[in-house]
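Structure first, commentary second.
Any read-out appearing in this document is the output of simple, stated calculations on the displayed coordinates, not a laboratory observation. Just so you know, these numbers come straight off a predicted model, no measurement behind them. Note that we place each Cβ from the backbone using ideal geometry, even for glycine, and neighbour counts take in every protein chain shown.
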């Protein structure tokens, strides 16, 4: 481009000094300027296309890394979730066993208390019966003594 500018300066100076100067020489030079401008434009477009492709590739790589990180995080979350579910199930099973043992113990204590209550009632009844028999014997003996006197 600098060569074209120096040539344009030369032709401009020549056109001022030479009366037989052919203006088509400047037109030819202007066509060369136009061609050079198109080349620069095409080179800039090519450079922009390359940068765009590089940007797309970088985005694709970033998306792949993000996707990989997300998959890894989800896998880790699922493992944690499974571990927590296992722990929760083990705790629930333990609590159910403790609850069942407490229920059985309560039932056993209830049966023991019922049996003790029945035995107590039976003993009280036997004691009352014995007291009544003794009282009847005492009354019968006093009535016989009173009649004989």
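Here are the numbers for this structure:
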{"item": "Proportion of all alpha-carbon pairs of the chain beyond 24 Å (%)", "result": "78"}
{"item": "Sorted by Cβ neighbour density within 10 Å, fewest at the top, the residues 92, 11", "result": "92, 11"}
{"item": "The chain: most fluctuating residue of 110, 67, 75 per GNM, C-alpha cutoff 10 Å", "result": "110"}
{"item": "Cα-based helix-to-principal-axis angle, 24-148 vs the chain, degrees rounded to 10", "result": "0"}
{"item": "Principal-axis tilt of helix 2-17 within the chain, Cα atoms, nearest 10 degrees", "result": "30"}
